[in-house]
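Report on the structure given below.
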Amino acid sequence: MDIRDVGGGEEPFVYSSGNRGPGYVMIKGLVGQPPVLNYLTTQLALKLAEDINFDFIAGNATGGMVPGWQLRNDLEKLTGIEFPYVYVRETRKVGGHKEQVTGDMNNPLINVGDKGLVFEELVNFAQTTTNSAMVLRGKGYRADVAATILSYENPRATELLNRTGVGLTHLIGLAELLAVAETTGRFKRELVQDFRDFLADPVGWQLDRGYEVPKG
């Protein structure tokens, strides 16, 4: 995790949604630390295994692709169920079959009407999560569940998820992570508080600092 001193003149992080904020957590970077990533996906698999309500897993490109595959393997070990796996791009592929979903074409394990679990390693504003759900629905699949390792529990994301009818299961909430960070003393208390202020009102945080807030 990294938190920038925006009030002290540092530039905020720009998220994939186009929004800005003071902090960022690099979950996708854990592909270089297999023991840590495997532990996290196993714990999430244990949580999801309590109520399997999906037929296949759809990892978001690019951050959700590798941990999504590992989650699939963990769930198979736990449940004995073979879960097909696909990944979803933000936009259509330029070459080849020009597909946006890879893994379902001519796949006898996946049928129209099957239910996909959208997986992303981190959910902040939830735009990529809901976009992938819309892509899957456009191909005739059901997509009203999603999962992630870390959720910012951003109120704007919650609103978008509710509006699009996507339920999100997460392993860790950012508020929990910030509480741990505060006790370690790695970050100044005022920086942790600024990140909390952002999480409480991400739109207001940006507007108060003169940043343009993306629509949607």
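Among the listed pairs 28/77; 47/98; 47/115; 98/215, a Cα-Cα separation exceeding 26 Å is found for 47/98; 98/215. Dimensions of segment 2-208 along the principal axes, based on C-alpha atoms and rounded to the nearest Å, stand at 56, 33, 31, largest first. Shown here are the Rg and Dmax of the Cα trace of segment 104-216, at 17.1, 54 Å. Just checking the listed ones, 185, 29, 63: in the Gaussian network model of the chain with Cα springs under 10 Å, the one fluctuating most is 185. Taking label points 7 Å from Cα along the Cα-to-Cβ direction, residue 215 and residue 200 give a separation of 3.0 nm.
Ranked from highest to lowest mean number of other Cβ atoms within 10 Å per residue, what is the order of the peptides 9-15, 101-107? Mind dumping the intermediate values first?
Numbers: 9-15: 13.3, 101-107: 15.3.
For the peptides 9-15, 101-107, the packing ranking is 101-107, 9-15.
Considering helices alone, the calculated mean residue ellipticity of the chain at 222 nm is -11500 deg cm²/dmol, with DSSP H runs of length four and up weighted by -39500 (n - 2.57) and normalised per residue.
Students often get this wrong: which residues of segment 131-163 have the backbone nitrogen under 15 Å from the point 7 angstrom along Cα-to-C-beta of residue 36? Of the residues in segment 131-163, 149-150 have backbone N under 15 Å from the label point off residue 36. Largest mean-square fluctuation among 149, 81, 110, in a Gaussian network model of the chain whose springs join Cα atoms under 10 Å apart, belongs to 81.
Spin-label model, residue 14 to residue 91: label points 7 Å out along the Cα-to-beta-carbon direction sit 1.6 nm apart. Length available on full extension from residue 208 to residue 183: 0.36 nm per residue minus the Cα-Cα distance, which gives 6.2 nm. Compared with the direct C-alpha span, the chain from residue 76 to residue 52 gains 7.5 nm at full extension, assuming 0.36 nm per residue. Along segment 27-32 the Karplus relation, 6.51 cos²θ - 1.76 cosθ + 1.60 evaluated at θ = phi - 60°, assigns HN-Hα couplings of 6, 5, x, 6, 4, x Hz to successive residues, with x for each Gly and Pro. Rounded to the nearest Hz, the phi-derived 3J(HN,Hα) couplings of segment 102-117 under the Karplus curve 6.51 cos²θ - 1.76 cosθ + 1.60 (θ = phi - 60°) are 10, x, 9, 5, 6, 9, x, 8, 10, 10, 3, x, 5, 9, x, 9, where x marks glycine and proline. Under a Gaussian network description of the chain, with springs only between Cα atoms under 10 Å, the residue in 179, 143, 45 that fluctuates furthest is 179.
For segment 40-126, what is the relative contact order in percent, using Cα pairs closer than 8 Å and at least 6 residues apart in sequence? Walk me through the numbers on the way to the answer.
Values: 124 pairs, mean separation 32.9, N = 87.
So the answer I get is 38 percent.
Looking at the chain alone, DSSP beta bridges between its own residues are antiparallel in about 20 percent of cases. Once C-alpha pairs closer than 8 Å and six or more residues apart are averaged by separation and normalised to the residue number of the chain, the relative contact order reads 19 percent.
The Cβ shell under 11 Å around residue 145 holds other residues with a net charge of -1, Lys and Arg each +1, Asp and Glu each -1.
Laboratory data are not the source of any read-out in this text; all were calculated from the coordinates shown. Quantities reported herein were computed from a predicted structural model and do not represent experimental measurements. Positions of Cβ are generated from backbone atoms using ideal geometry, with glycine treated the same way; all protein chains shown enter the neighbour counts.
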